[in-house]
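A quick write-up on the structure given underneath.
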Amino acid sequence: MKRRSGSKALVEALERVGADIVFGYPGGNVVDIFDELSRSPFRFVLGRHEQGCVHMADGYARASGRPAVVVVTSGPGLTNTITGLGAANMDGVPMVLVCGQVPLYQIGTDAFQEADTTGLTRAVSKHNFLVHSADEIPETVAQAFYIATHGKPGPVVIDVPRDCQQALTSAEYPERVVLRAYHPEVSATASQVGRLAKLVNEAKRPVILAGGGVIASGASDDVAALAHKAGIPVATTLMGIGSFDENDPLSLGLVGLHGEFAANAAIAEADLLLALGVRFNDRVTGRSPAKFAHRAKIVHVDCDPASINKNVSVYLGIAADVKELLMTVDSRIRPANHSAWLADIGARRRPRTEVAPLHRGVIMPQAVVESVYAATKGNAIVVTDVGQHQLWAAKLFKHTRPRHFITSGGMGAMGFGIPAAIGAALARPDCRVVAFLGDGGAQMTAEELMVAAELKLPVTFVVFSNGSLGLVRQMQRHMCGGNYFATDLRSPDFVKLAAAYGMRGVRVSDGAKLDAALARATRSRQPTLVEVVVDREAEA
Ligand SMILES: Cc1ncc(C[n+]2csc(CCOP(=O)(O)OP(=O)(O)O)c2C)c(N)n1
């Protein structure tokens with residue numbers, strides 16, 4: 001192998017792992033890497049803030065299942081990525097973030113734009129590397145991608161000091177990845193498969209709880225096959241939304257704090273809970289995990305052995321890939337219909353409280369979600385920011401397919417929506433993308449609208465304009481006796497803002513015009529921002 005710079009070796013290695021898109025923002029300590037990127041076959045997307053770049057890569061990975069690459073500079077470039085990394089890490093989203101670092105000999109000297117990348121990213125990444133020589137670069141890239149995509153996926157950081165980028169190396173990309181201490185391949189033992197089949201075959205009141213791990217492992221069809229064969233109703237976590245068709249009669253919908261009554265009641269009464277690819281966080285279990293599904297034998301299947309018995313003690317824990325396990329156990333499952341149990345659950349289903357589309361002449365936010373559903377016939381990738389609108393989007397849109405509902409579930413990071421929608425649109429140019437945003441969250445990463453406009457991405461940005469930080473205001477209504485403090489929010493004129501960025505913007509405050517405005521926006525192949533003035537007292 002002929003000698004070339006560490007930067008060139010880095011970009012070559014990124015090509016070898018099969019990355020196809022790079023999101024990033026340049027700076028002094030990555031100028032050599034950017035020089036190489038300019039000659040590479042990658043599609044490069046220049047975000048407007050490093051947090052935006054990471055959320056774009058995140059949206060790209062969630063929509064496509066493929067990891068994306070982010071390249072940022074040292075110091076402030078890196079510190080700006082922390083929220084994005086944390087969001088991807090909590091939701092198990094694969095990505096590789098390359099950041100520049102001051103030269104090795106300057107590390108620890110408070111050099112210009114020096115930051116302790118290792119320390120800063122340890123808690124928000126699956127793994128991080130600090131490169132010590134150009135020779136390490138190809139292998140480090142290979143290992144980073146391996147770690148990001150094997151086992152529970154997650155973001156991996158590679159910190160590359162400037163002198164390593166410039167030094168020459170003849171190191172080659174490794175034939176195979178050898179990691180001494182990381183062997184994430186797990187599979188069920190024959191006895192676990194046997195016990196699982198017996199539990200399913202003997203259960204009288206079984207429930208499946210499907211989480212994000214079902215989507216990550218591509219197991220949606222297998223979950224549906226099991227549910228239909230054995231007559232098992234399926235509830236999902238927020239991250240599991242889309243893993244099971246909500247139009248299916250066996251669907252119970254969302255579980256937990258903001259979940260459906262029937263889903264929570266079914267779990268409380270189940271005698272067997274098959275928890276697939278979930279992490280049992282507090283939004284699901286409530287404050288007392290010990291009381292969660294207390295009548296049930298809980299079987300927890302997850303590719304991350306560390307998650308088993310972490311939050312909830314389980315009857316049977318199986319560290320395995322969900323898809324692989326369901327395919328293996330299938331032939332041992334006896335058909336069943338559990339008609340009495342399903343009738344029982346049916347009786348618990350509460351018709352959705354109908355919300356009138358207008359309240360004192362003001363549009364109700366729930367009607368916005370329903371209008372988008374009607375306009376798209378449910379055929380869209382829905383991305384959300386964080387707040388009340390997120391819950392309405394989760395619950396009122398009928399989600400039918402995996403990778404079509406993208407939300408910051410674990411971190412709940414406001415500012416996620418706009419850039420994640422851009423990433424999703426880049427990953428799935430064949431799909432319509434609708435981003436549901438609060439007027440608070442939309443102001444956190446509004447600068448990325450420029451990217452959507454520049455790239456002419458067919459995204460509909462729907463801003464729920466309630467003049468408040470709605471979800472917190474709702475908490476203040478219930479928990480602070482209506483003492484609203486710091487939740488009234490003035491916003492810019494979103495229509496003018498959209499125009500300033502070069503995209504069409506419309507404001508809708510007349511309920512009679514809502515459907516037509518959203519139909520036009522969602523049909524357009526251009527980005528559009530629709531600001532809908534909604535009732536601020538609505539409850540999520
Ligand atoms: C970065 C960040 N800061 C603060 C919060 C806390 N928080 C959660 S929801 C919310 C209000 C969101 O308001 P808005 O974006 O207007 O959406 P709405 O609830 O009105 O739909 C806040 C402040 C958060 N989740 N993320």
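The values are calculated or read from the model by the stated rules, or taken from the named source; none is laboratory data. This structure is a prediction, so every number in the text was calculated from the model and none was measured. Quick reminder, even Gly has a Cβ in these numbers, built from the backbone with ideal geometry, and neighbours come from all protein chains shown.
Which of the residues spanning region 45-84 are touching a Phe, Trp or Tyr at 6+ places or on another chain (Cβ under 8 Å) and of a type in the set (A, V, I, L, M, F, W, C)?
Correct list: VAL45, LEU46, CYS53, VAL54, MET56, ALA57, ALA68, VAL69, VAL70, VAL71, VAL72.
Could you grab me the full set of residues in region 186-204 that are surrounded by 12 or more Cβ atoms within 10 Å (Cβ to Cβ) and either among the small types (Gly, Ala, Ser) or under 31 Å from the mean Cα position of the chain (by Cα) (or both)?
The answer is VAL186, SER187, ALA188, GLN192, VAL193, GLY194, LEU196, ALA197, VAL200, ALA203.
Kindly indicate which of ALA87, ALA144 is touching a residue at least 60 places away in the same chain (Cβ under 8 Å), crowded, with 24+ Cβ neighbours inside 10 Å and out of contact with any Lys or Arg (no Cβ under 8 Å at 6 or more places or on another chain).
Answer to the check: ALA87.
Applying the selection to region 471-491, what residues are crowded, with 16+ Cβ neighbours inside 10 Å, touching a Ser or Thr at 6+ places or on another chain (Cβ under 8 Å) and not aliphatic (A, V, I, L, M)?
ARG473, GLN476, THR487, SER491
Considering only residues that are near the ligand (Cβ under 10 Å from one of its atoms) and at negative phi, which ones fall in region 446-470?
VAL463, PHE464, SER465, ASN466, SER468, LEU469, GLY470
Hey, among VAL70, VAL98, VAL102, which residue is modelled with pLDDT of 95 or more, touching a Leu at 6+ places or on another chain (Cβ under 8 Å) and farther than 20 Å from ALA452 by Cα?
Just a single option satisfies the conditions, and that option is VAL98.
For THR353, only one of the following conditions fails: (1) surrounded by fewer than 16 Cβ atoms within 10 Å (Cβ to Cβ); (2) hydroxyl-bearing (Ser, Thr, Tyr); (3) not in a loop (DSSP other than H, G, I, E, B). What is its number?
(3)
Residue by residue through region 426-443, note down the ones that are within 8 Å of the ligand (Cβ to nearest atom) and under 18 Å from the mean Cα position of the chain (by Cα).
Within region 426-443, LEU437, GLY438, GLY441, ALA442 meet the criteria.
Scan region 45-84 for residues that are surrounded by 24 or more Cβ atoms within 10 Å (Cβ to Cβ), within 16 Å of the ligand (Cβ to nearest atom) and under 15 Å from GLN101 (Cα atoms) and jot them down.
THR81 - this is the single residue of region 45-84 that is surrounded by 24 or more Cβ atoms within 10 Å (Cβ to Cβ), within 16 Å of the ligand (Cβ to nearest atom) and under 15 Å from GLN101 (Cα atoms).
Quick one: GLY482 ticks every box in (1) under 24 Å from ALA424 (Cβ atoms); (2) outside any helix (DSSP H, G or I) bar one, so which box is it?
(1)
Is it the case, given these coordinates, that GLY505 is surrounded by fewer than 24 Cβ atoms within 10 Å (Cβ to Cβ) and under 23 Å from THR376 (Cα atoms)?
yes
Report every pair of residues separated by at least 6 positions or lying on different chains whose Cβ atoms are under 8 Å apart, first residue within region 424-444 and within 10 Å of THR460 (Cα to Cα), second part of a loop (DSSP other than H, G, I, E, B) and within 16 Å of the ligand (Cβ to nearest atom).
Pairs found: ALA435/ASP385; PHE436/ASP385.
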